[in-house]
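K.L.:
Let me begin by handing over the structure; questions about it come next.
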Amino acid sequence: MFEARLLKSGQLKKILEAIKELLKEATFDCSDSGIQLQAMDDAHVSLVSMYLKSTGFDKFRCDRNLSMGINLESMVKIMKCCSNDDIMTIKAQDNADTLTIMFETSNQEKMSDYEMKLMNLDQEHLGIPETNYSCVIKMPSTEFARICRDLSQFGESVIIACTKDGVKFSTSGDIGSANVKLSQSASIDKEEEGVSIEMQQAVCLTFACRYLNLFCKAAPLSPQVILSMSGDVPLVVEYQIEELGFIRYYLAPKIEEDD
Amino acid sequence: MVSNITSNDNEKVIKDMPLVSDTTFNSKADFNQSPLSSKLNNSHKISLNVKHINDTSDNKQQKVTAFFPIRRSARKTKNIVNEEKQIALEEAIASQNEDGLKITVFPNKGRGIIAAKDFARGDYVVEYSGELIYIQEARKREAIYSQDISTGCYMYYFKYGSTHYCIDATPESSRLGRLVNHSRFGNLIPKVVEVAGLPRIVLIAKTDIKRDEELTYDYGDRSKESLINHPWLAY
C-alpha cells in the first residue's frame, strides 16, 4: 500500500506545471525514501530528474516499491480541481492499476476524490554519473527565466559562457544579437536574491533556448536556480523544492558552430 | 559690414555646409548603402545560415543519451529466472554432459561417484538416466530383479503430477547417474524436470561440493522390506 499526504497540494501542482510540457507521461517510482521520477523528453535532448523525499510529506507510507506510470495531462486535469491550500492524499494499492487522489479543504468541510488509471510505461532509465562541475552558478530563478525568455526572441540557441568575471548569456539571429552579462553580486542580503558563481574552470556551451524556457516553468517552485556546467557535458538546471526535494533538468549541449 | 561679412561668411558657410553636409550625407549614404546592401546580404546570409542551422539542428543538438548511459536493470522477474533455470536444465540434460564426475570403487560399498571438480550449490550435476516406466511395470520388473541378488537397486520411484513413475536404470549403461550412492545426508538433491512432456530426474548440488568428495543423495526409501534387503539405506 502506498499513501502520501501533502499539506499543500499547490506544491504538486507547481511540480506538474514544471514538467508537463517536457513530458507527456512519466513513471513515478515510490519507495520508502520518497518519490522519484526520471524521464527524457521525446527527442531525448533533455532529462528530468525529480526527487520528493518522504520526510517532506505530512504522512508517507510505502510498503512495497511501486512504479506508477502516469499520464501527466490527466494528472494536471485532476490537480486543477483543487485549490492550492487543499490537503492532498495520494493512494495506491500494491498492485493497483489506478491511483486515488483525495483533496480536503483545510477546514475539512469539503472532500473530493479522483481516481486515475495508471499506465505501464517502458521507459529507459539513465545512469547519471557523479560530476564535479567546473562552474556552479546560483541566481534568482525569476532572473534566469527572464533572461531565457528575452534571449529566445533573438535566436534559437543561447551561449552560456562562465568566466571568473561573471556569466554571459548570448545569442544571435535574424534581427541581430543579444548579450546579457551577470556578475557576482557584491553584497547579498538574502542568498537567493544574488548571483553567486563558483568556478574552477571557464566553460562556454551552447544550448537550445526552447528547452531552457521549458525548464523555467519550474521557477515558481524555488526562488533560486542552480546552473551547473562542465565542458561538453549536459547542463544541470536545478530547483530546490523547499523541504520536499528537487527538480533537476539536464540539457545536452549543442555542438558549437565554427564561425 | 562686419556683420554682413560674417553673415556672408555665414551664408557662404551655410551655402557651403549643405553642400558639404549633402556630400557627406550622400557619401555617408553611399557608404551606408554599400554596407547596407552588404548587411542585407549578410542578414540574408545569416538567415540562410539560420535556415542551415534549422536544417541541421538535429545534428547540432546532441542527446542526453550520448552522455548518460542507459541503465538496464539487471533485475529479473521470478518467472524469467525460473524459465532460465528450466532452459539451463533442459540443455544440461540434452547435452548428456557428465564432466566433473569420476567412478571410484569403494572397498565396502562398490562403485560410487566422486566429484572431479568443484560444484556450487544449485549446480546441475548429473541426470539419473534410465528407462521411464509406469509403476505397474516397475513392480513386475522389481519382482524379476529381486530373484537375482547380484542385481543392485537401480529403480528410482517417484511421483510427478498425479502419476507414479519409475526410472529403471538396472541395465548397465555408460551413464553415471545410476552409480551415485545413498546417504541420508547426501550432498545432492534429486529434482524432477519435465522435458518434452516427460519427467526426467536430475541430481542437483545441495551444498557447495569440493573436488574429490563423494557424491551422494538420499534415496528416501525407509520401508521395512527395503531396510531388510538393503540395511545401508538407514545411513
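The values are calculated or read from the model by the stated rules, or taken from the named source; none is laboratory data. Just so it is clear, the structure is predicted and the values come from calculations on it, not from any experiment. Here Cβ is always computed from backbone atoms with ideal geometry, including for glycine, and neighbour counts include all displayed protein chains. Accessible surface is based on the protein model in full, side chains and every heavy atom, while ligands, DNA and RNA are left aside. Shrake-Rupley method; radii C 1.70, N 1.55, O 1.52, S 1.80 Å.
K.L.:
Hey, got a sec? Which GluC sites (Glu not before Pro) in segment A:208-250 land in a DSSP loop and have at most 14 other Cβ atoms within 10 Å?
P.N.:
Passing sites in segment A:208-250 are A:Glu242, A:Glu243.
K.L.:
Counting other Cβ atoms within 10 Å, keep those with at most 14, restrict to DSSP loop, and tell me which trypsin sites (Lys or Arg not before Pro) in segment A:87-143 are left.
P.N.:
Filter output for segment A:87-143: A:Lys110.
K.L.:
What residues in segment B:65-101 lose 20 Å² or more of accessible surface when the other protein chains are added to their chain alone (1.4 Å probe)?
P.N.:
Checking the loss per residue gives B:Thr65, B:Phe67, B:Phe68, B:Pro69, B:Ile70, B:Arg71.
K.L.:
Which of the GluC sites (Glu not before Pro) across segment B:112-178 are loop residues per DSSP, with 10 or fewer other Cβ within 10 Å?
P.N.:
For GluC sites (Glu not before Pro) across segment B:112-178 that sit outside H, G, I, E and B with at most 10 neighbouring Cβ atoms in 10 Å, the list reads B:Glu172.
K.L.:
Still on this structure, I have one more. Between A:Arg61 and A:Ala186, 0.36 nm times their residue separation minus their Cα-Cα distance comes to what?
P.N.:
Here the segment from A:Arg61 to A:Ala186 would lengthen by 40.5 nm.
K.L.:
Taking springs between alpha-carbon atoms closer than 10 angstrom, which of A:Pro140, A:Pro234, A:Pro129 fluctuates most in the Gaussian network model of chain A?
P.N.:
For chain A, modelled as a Gaussian network with Cα springs under 10 Å, the answer is A:Pro129.
K.L.:
Can you give me the % of accessible surface on segment A:133-249 that is carbon or sulfur? Probe 1.4 Å, all protein chains present, nothing else counted.
P.N.:
C and S atoms contribute 45 percent here.
K.L.:
Given H placed on each backbone N at 1.01 Å, which residues far from B:Arg200 in sequence or on other chains put an amide H within less than 5 Å of it?
P.N.:
Those lying under 5 Å, H to H, from B:Arg200 are B:Val193, B:Glu194, B:Val195.
K.L.:
Here's another thing I want to ask about it. At 10 °C and 1.306 mPa s, what whole-number value in µm²/s does Stokes-Einstein give for the translational diffusion of chain A, with Rh from the Kirkwood sum over Cα pairs?
P.N.:
It diffuses with D of about 81 µm²/s by this estimate.
K.L.:
Now for a different question. Between B:Glu194 and B:Arg121, take the C-beta separation as r, use R0 = 22 Å, and let me know the FRET efficiency to the nearest 0.05.
P.N.:
0.45
K.L.:
Å³ per residue of the Cα convex hull, for the protein assembly as shown?
P.N.:
Dividing the Cα hull volume of the protein assembly as shown by its residues yields 290 Å³.
K.L.:
Please check: in the Gaussian network model of chain A (C-alpha springs, under 10 Å), which one of A:Asn71, A:Asn107, A:Asn84 has the largest mean-square fluctuation.
P.N.:
A:Asn107
K.L.:
Given the rule -39500 (n - 2.57) for each run of at least 4 DSSP H residues, summed and divided by the residues of the protein assembly as shown, what is its mean residue ellipticity at 222 nm, to the nearest 500 deg cm²/dmol?
P.N.:
-9000 deg cm²/dmol
K.L.:
Determine the per residue accessible area of chain A with all protein chains present and a 1.4 angstrom probe, expressed in square angstrom.
P.N.:
Dividing the accessible area of chain A by its residue count gives 49 Å².
K.L.:
Oh, and also: Diagonalise the Cα gyration tensor of segment A:1-115 and give the resulting equivalent ellipsoid semi-axes, square root of 5 times each eigenvalue, largest first, whole Å.
P.N.:
22, 17, 13
K.L.:
Give me the one-decimal nm value for the distance between modelled label points at B:Glu213 and A:Arg5, 7 Å along each residue's Cα-to-Cβ direction.
P.N.:
Those two pseudo-labels are separated by 5.5 nm.
K.L.:
What do you get for the angle between helix A:9-19 and the principal long axis of chain A? Use alpha-carbon atoms, 0 to 90 degrees, nearest ten.
P.N.:
The answer is roughly 50 degrees.
K.L.:
Quick one: which bits of segment A:125-169 get at least 30 Å² less accessible when the partner protein chains are in, versus the chain alone, with a 1.4 Å probe?
P.N.:
Flagged in segment A:125-169: A:His125, A:Leu126, A:Gly127, A:Glu156.
K.L.:
I'd like the FRET efficiency for B:Ser174 and B:Arg75, computed as 1/(1 + (r/R0)^6) with the beta carbon distance as r and R0 of 35 Å, rounded to 0.05.
P.N.:
Using R0 = 35 Å, I get an efficiency of 0.25.
K.L.:
Between B and A, buried accessible area summed over both sides at probe 1.4 Å, in Å² to the nearest 100?
P.N.:
In total, this chain pair buries about 2100 Å².
K.L.:
Specify the angular offset, from 0 to 90 degrees and rounded to the nearest 10, of the alpha carbon long axis of helix A:141-152 from the longest principal axis of the alpha carbons in chain A.
P.N.:
60 degrees
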